[in-house]
1. Can you list residues from other chains, or at least 5 along the same chain, whose modelled amide H is less than 5 Å from the amide H of LYS129?
2. Provide, as a two-decimal number, the C-alpha radius of gyration of the range 267-438 over 2.2 N^0.38 Å, N being how many residues it has.
3. As a test of reading the structure, rank PHE51, PHE242 by solvent-accessible area (1.4 Å probe, protein chains only), most first.
4. At q = 0.13, 0.20, 0.21 Å⁻¹, what is the base-10 log of I(q)/I(0) for the range 121-237 according to the Debye formula with one equal point scatterer per Cα and no solvent? Please give it to two decimals.
5. Let me check I've understood the local charge: for THR308, count other residues with C-beta under 12 angstrom from its C-beta, Lys and Arg +1, Asp and Glu -1. What total comes out?
6. As an exercise, use a Förster radius of 41 Å and the Cβ-Cβ distance of LYS36 and ASP386 to find the FRET efficiency, rounded to the nearest 0.05.
7. Which FRET efficiency value, to the nearest 0.05, do you get for GLU332 and ALA62 by plugging their Cβ-Cβ distance into 1/(1 + (r/R0)^6) with R0 = 25 Å?
8. If Lys and Arg each add +1 and Asp and Glu each add -1, what is the summed charge of the other residues whose beta carbon sits under 13 Å from the beta carbon of GLU186?
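The values are calculated or read from the model by the stated rules, or taken from the named source; none is laboratory data. Note that the coordinates shown come from a computational prediction; the quantities given were computed from them, not determined experimentally. All Cβ positions, even for glycine, are placed from backbone atoms using ideal geometry, and neighbour counts span all protein chains on display. Accessible surface areas use protein heavy atoms only, side chains included; no ligands, DNA or RNA. Shrake-Rupley method; radii C 1.70, N 1.55, O 1.52, S 1.80 Å.
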Amino acid sequence: MASSKFAYYILFLFLSSILFALQVSSTSRHVVNNHKGFKLNLKHVDSGGNFTKFERLQRAMARGKSRLQRLSLVANFATLSSKDETNDVKSTIHAGNGEFLMQISIGSPSESYNAIMDTGSDLIWTQCKPCKECFDQSTPIFDPSKSSTFEKISCSNKLCEALPTSSCGDNNCEYMYTYGDYSSSEGFLASETFTFGKVSIPNVAFGCGNDNEGSGFSQGAGLVGLGRGSLSLVSQLHMSRFSYCLTSINEDAYTKSSTLLMGSMAHDDYNNIITTPLVKNPTQPSFYYLSLKGISVGDTQLAIKKSTFSLNKDGTGGMIIDSGTTITYLEESAFSLLKKEFSSQVNLPVDDSSSTGLDLCFILPSNTNNIEVPKLIFHFEGADMDLPAENYMIADSRMGIACLAMGSSSGMSIFGNVQQQNMMVIHDLDKETLSFVPTQCDKL
């Protein structure tokens, strides 16, 4: 009898130890089902490169001009598509690329990848084996056969229906995204466990791309869409708020981490916060549109027509805020007025021979970066943003120039990431607002 009790006691201890081990295992990766929030570091795509300030800016601007063209194509083709229901061009053009990388892990066991953060698109995707064609990436390509949590998404799934265009092969939901520079990703929709830092989240839908072409994504192994559509990371995790804080281009920003905050981590209880409404564009529901009412240079409010930054009924025009475009691009008539007024208020000679690629540069006095420049204020609806000088002037004493970090566009205007640097930029999708808080981003 004693030996029987002893056997039960040993069995009890054995089962308890198993239960304890399972509990430890389940919490070691912080599997989150209610998605309260998490924090991630962001790395600039040029970090680690031995570039001067203007070389970094020029590289970023080259990518930014390509992105501007893509975004304009997106808007224009969306307009054409809305006028012609038989035209499916809308579904084949997307913004793509970007300036900041986020590290994510995919699968069970997890594999780490650097993916481009993109507030201008929705789909999350990465390259997958077996590849018909894949571009080079610094990490191994994701192999679904090695993950115990990988699962293909059927054609009847609502997320498959949310794709702009899709096809069905062997009941697998297939996608194809093409971009304005002929880069593309083609594959099938699947679900997998994604890990962000120490937070693991199951059943995240993503594109498993096994036919990927072009040079537009060579900085990362794929893309994480943070747009307003149902396929984006924000929408899938039901996180109504996210924010990011981008370090300054005037510092060693490319070696210092910027920050992305998701969900409850992206709070808005700041004293010095300014807030403006987000505007919806039915033809481009993923973009974050803002209502810009005017611009002031010094004490002079520019005589910009009220309709210049308005979103037109056909979905053209307007202004979006974008993390993936480097400098701000203003509709050409508004930029012309800004350039003229700014030049008149800066007591320096204009450098017409500048090779920076920027439209307005000045010749600096010898051996100085310190110059007086007029204030620049963007009058958003309900929020006047008085930009710090470093958010619109880029100076380099070695080159002897200082330039206005803005340019012109022939339609859509874009509020770029240089103008957002050292700002906590808070997207609140429940309140339909966007807020700015001056923040030393490299101290977070």
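1. PHE142, ASP143
2. 1.06
3. The ordering from most to least exposed comes out as PHE51, PHE242.
4. Result of the Debye calculation: -0.46, -1.18, -1.31.
5. +1
6. E(calc), rounded to 0.05, equals 0.75.
7. 0.80
8. -3
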